[in-house]
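Written out below as structure tokens is the structure these notes cover.
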Amino acid sequence: MGASKYGDMPVNDFRKFGHELVDLMADYFENIENYPVLSQVQPGDIKKQLAAAPPEEGEDFNAIMNDLSKVIMPGVTHWNHPNFHAYFASTSSAPGIFADFVSSAFNANGMLWRTCPSSTELERQVLNWLRDMIGLDERFWGIVYDTASVSTMHAIAAARENIMEYKVREKGMTGSGIPKLRLYTSEHAHSSIEKGVIALGLGMEGTRKIKADKDFKMIPSELEKAVIEDIQNGWLPFCVVATIGTTSTTSFDPVDEIAPICKKYNLWLHIDGAYGGVAPIVPEMKYVIKGCEQADSFVVNPHKWLFVPVDLSAFYTTKPDVLKRAFSLVADYLKTAEDSQVENLMDYGVQLGRRFRSLKLWFVIRYFGRKGLEERIREHIRLAHDFAGWIDGHKYFERLAPVPFSTVCFRAVPRDNMNADEINEFNEKLMNEINAEGKIFISHTKLNGVFTLRFVVTGIRTGEIHVEKAKEVFDNALRKYLK
Ligand SMILES: *Cc1c(COP(=O)(O)O)cnc(C)c1O
């Protein structure tokens with residue numbers, strides 16, 4: 001069995017293998033807890049099992065499926081495993097997986113309205129749903145990009161375009177005579193912000209990091225001081241990025257105090273809510289986005305904590321016209337008769353071609369419902385708080401940051417007479433041994449020089465029994481040393 005001479009796989013084979021593939025995925029989910037969460041392979045192990053050259057003749061699809069299980073599977077770190085507690089665990093839900101499947105079958109490229117009206121119009125509607133669920137107002141217009149890094153880069157490009165008196169779009173950074181630009185973000189902000197600044201040609205010096213307080217939140221008075229100082233020294237401040245749920249500790253910056261400073265100095269305010277931005281779907285979490293209605297743009301990743309398969313980042317701005325001004329460049333072959341009546345989403349970013357991503361957010365929101373998503377996020381927050389409480393009551397663990405969302409930062413201090421370096425080394429070793437065992441997977445950060453363990457609950461398959469199992473894993477690992 002194979003491809004017909006010139007065409008694709010025969011439809012009957014597609015049907016047969018499609019069913020088998022769904023069975024394979026269902027078996028995977030049924031048995032997922034039997035796999036080590038963190039792949040146990042060594043560098044190069046997978047590559048050496050792969051053919052050095054592509055096959056000359058087409059192969060039986062069964063052979064491909066076999067190698068998927070035999071060769072690829074051991075090198076997969078199981079993000080969908082309920083005991084994946086590292087980074088921010090992105091998990092995919094069944095409706096999201098189905099939507100990805102369908103999206104590939106349609107293979108519609110939504111660059112123009114005409115090239116897939118459903119893609120453009122569904123994207124508008126489903127992003128309005130998400131916006132309303134989060135609690136942003138209807139001035140926020142949304143677009144789907146692949147990742148938060150790319151969303152934020154677009155925000156920074158729009159912020160630069162928003163400075164009208166220099167013609168950066170026409171003349172570029174050097175030709176426009178624009179003073180050196182400065183963007184401000186907290187010392188705990190994600191690296192994607194600096195990367196965006198670098199990509200846009202503003203250099204490493206284009207980002208100024210603002211000090212955070214003891215709860216890891218940007219200090220607004222430090223921000224204003226930096227802006228004033230920079231203006232005096234000939235810089236042109238243009239943008240502030242505040243974070244709702246920082247990557248290390250999930251702290252959230254006081255946006256309601258930062259926004260007036262942005263207004264006063266005419267700075268674009270972008271909010272990085274890649275992880276924490278979905279939390280306000282839970283009504284009692286709405287307080288974390290206080291002040292965000294004054295922002296110019298906002299990014300949230302449904303692929304992070306809303307059970308949509310990687311990748312789907314939702315970018316919102318109250319100034320889509322500025323974003324369009326920064327990027328729109330319409331070649332003759334892309335002009336259509338209905339241009340004046342429709343949105344062509346290629347106009348709002350770097351990419352031309354666009355995958356039909358909104359389908360998976362639509363499937364997920366419809367299948368679980370707003371309330372179902374609210375309940376899941378609330379349960380994750382509850383489980384993380386339960387874990388934090390366990391840490392607080394533990395003789396040998398101590399917590400290192402507040403827990404506003406579903407991430408706990410802590411470390412072990414097994415003996416009183418250890419110095420700072422010894423405690424750091426101990427915790428690094430503890431983490432590596434726990435991860436090598438494969439029962440759970442955690443990650444780390446450094447907070448003021450302190451090696452910090454991070455325990456995250458964001459997975460759709462994670463329940464109370466998994467958090468209980470994790471506690472056991474920590475206790476057992478610790479016991480080995482205390483003996
Ligand atoms: C994960 C994360 C990002 C980067 O997200 P990508 O979609 O992987 O680019 C940016 N900011 C924060 C706060 C994050 O947690």
Square roots of five times the C-alpha gyration tensor eigenvalues of the range 165-257, ordered largest first and given in whole Å, equal 26, 15, 10
So, with points 7 Å from each Cα along the Cβ direction, the Lys180-Ile72 label distance in nm works out to 4.8 nm
Number of Lys pairs in the range 213-287 closer than 25 Å at Cα, excluding neighbours under 8 places apart unless interchain, is 9
Applied in sequence order to the range 428-444, the curve 6.51 cos²θ - 1.76 cosθ + 1.60 (Karplus, θ = phi - 60°) yields integer Hz couplings, x standing for Gly and Pro, of 5, 5, 4, 4, 4, 5, 5, 5, 5, 5, x, 6, 9, 10, 10, 10, 9
Note: probe point = Cα of Ala331 + 7 Å toward Cβ; backbone nitrogen < 14 Å; residues of the range 91-132 passing the test are 111-112
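So if I place +1 on the C-beta of Lys and Arg and -1 on the C-beta of Asp and Glu, and nothing else carries charge, what would the dipole magnitude of the chain be about its Cα centre? I want it in debye, nearest 20.
Details: 56 positive and 63 negative charges, 136 e Å.
So the dipole magnitude of the chain works out to roughly 660 debye.
Just to confirm a number: summing +1 for Lys and Arg and -1 for Asp and Glu over residues other than Pro309 whose beta-carbon lies under 15 angstrom from that of Pro309, what do you get? Please report the intermediate quantities before stating the final value.
On the way: positive: Lys304, Arg355, Arg357, Lys360, Arg461; negative: Asp100, Asp146, Asp311.
Computed value for this residue: +2.
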Among Ala159, Leu112, Tyr333, the residue whose Cα sits farthest towards the positive end of the charge dipole of the chain, when +1 is placed on the Cβ of each Lys and Arg and -1 on the Cβ of each Asp and Glu, is Ala159
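When DSSP beta bridges are limited to those with both residues in the chain, what percentage is antiparallel, rounded to the nearest 5? Walk me through the numbers before you get to the answer.
Details: 23 of 42 bridges.
In the chain, approximately 55 percent of DSSP beta bridges are antiparallel ones.
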Partner lysines whose C-alpha sits under 30 Å from that of Lys5, ignoring same-chain residues fewer than 8 away, are Lys16, Lys70
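At a Förster radius of 25 Å, what calculated FRET efficiency corresponds to the Cβ-Cβ distance of Leu24 and Arg382, to the nearest 0.05? Display every interim value, and only then the final one.
Working: r = 34 Å, r/R0 = 1.34.
The computed FRET efficiency comes out at 0.15.
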For Lys480, the lysines lying under 20 Å Cα to Cα, once residues fewer than eight places off in the same chain are dropped, come out as Lys395, Lys429, Lys439, Lys469, Lys471
Note to self: C-alpha centroids of the range 292-315 and the range 140-184 sit apart, in Å, by 19 Å
Of every Cα-Cα pair in the range 1-128, the percentage lying beyond 22 Å is 57 percent
Taking a straight Cα-to-Cα line shorter than 13 Å from Lys290, and setting aside same-chain aspartates and glutamates fewer than 8 residues away, one finds Asp137, Asp253, Asp256, Glu257
Simple spin-label estimate for Asp339/Gln40, 7 Å along Cα→Cβ, in nm, reads 6.0 nm
Other residues with Cβ under 15 Å from the Cβ of Trp141 give, with Lys and Arg +1 and Asp and Glu -1, a net charge of -4
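Using the Cα centre of the range 110-356 as the reference point, and only Cβ charges (+1 on K/R, -1 on D/E), how large is the resulting charge dipole? Debye, rounded to the nearest 20. Walk me through the numbers before you get to the answer.
On the way: 28 positive and 32 negative charges, 85 e Å.
Charge dipole of the range 110-356: 400 debye, to the nearest 20.
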Taking Cα atoms only, Rg over Rh for the range 139-187 with Rh from the Kirkwood formula is 1.03
Under Stokes-Einstein, the range 15-72 at 20 °C and 1.002 mPa s, with its Kirkwood radius over C-alpha pairs, diffuses with a coefficient in µm²/s of 157 µm²/s
Given a Förster distance of 30 Å, the FRET efficiency implied by the Cβ-Cβ spacing of Lys469 and Tyr367, rounded to the nearest 0.05, works out to 0.65
Given unit charges at Cβ for Lys, Arg (+) and Asp, Glu (-), the dipole magnitude of the range 265-312 about its Cα centre in debye, nearest 20, is 100 debye
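Using just the helices of the chain, give the 222 nm mean residue ellipticity in deg cm²/dmol: DSSP H runs with n ≥ 4 each add -39,500 (n - 2.57), and the total is spread over all residues, rounded to 500. Let's see the in-between values first.
Working: 14 runs with 197 residues, N = 483.
Rounded to the nearest 500, the figure is -13000 deg cm²/dmol.
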If each part is reduced to its alpha-carbon centroid, the range 18-43 and the range 98-112 end up apart, in Å, by 25 Å
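Can you give the direction-averaged projected area of the convex hull of the alpha-carbon atoms in the range 110-356, in nm²? Please list the in-between numbers first.
On the way: hull surface 53.1 nm².
If you wrap the Cα atoms of the range 110-356 in a convex hull and average its projections, you get 13.3 nm².
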Semi-axes a, b, c in Å (a largest) for the range 251-345, each sqrt of 5 times a Cα gyration tensor eigenvalue, come to 30, 20, 10
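For the range 423-483, what's the relative contact order in percent, using C-alpha pairs closer than 8 Å and at least 6 residues apart?
RCO, the range 423-483: 32 percent.
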Dipole check, the chain, charges on Cβ (K,R +1; D,E -1), about Cα centroid: among Gly389, Thr458, Cys262 the Cα furthest to the positive pole belongs to Cys262
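Find out how many positive minus negative residues lie around Pro254, taking Lys and Arg as positive, Asp and Glu as negative, among other residues whose Cβ is under 14 Å from that of Pro254.
Working: positive: Lys211, Lys214, Lys217, Lys290; negative: Asp213, Asp215, Glu222, Glu224, Asp253, Asp256, Glu257.
Net charge in that neighbourhood comes out at -3.
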Asn31 and Arg415 label points (each 7 Å along its Cα→Cβ direction) are spaced in nm at 4.4 nm
FRET efficiency for Ala53 and Ala105 from the Cβ-Cβ distance with R0 = 25 Å, rounded to 0.05, comes out at 0.25
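Can you give the direction-averaged projected area of the convex hull of the alpha-carbon atoms in the range 346-483, in nm²? The partial results should precede the final answer.
Values: hull surface 47.5 nm².
Reported value for the Cα convex hull: 11.9 nm².
Quick one: plug the Kirkwood hydrodynamic radius of the chain (C-alpha pairs) into Stokes-Einstein at 4 °C, 1.567 mPa s, and report D in µm²/s.
Details: Rh = 24.6 Å.
In µm²/s, the coefficient rounds to 53.
Every read-out reported here was derived from the displayed coordinates using simple, explicitly stated rules and does not represent laboratory data. This one's a predicted model, so the numbers in the text were calculated from it and none came from an experiment. For neighbour counting, all protein chains shown are included, and Cβ atoms are generated from backbone atoms with ideal geometry for every residue, glycine included.
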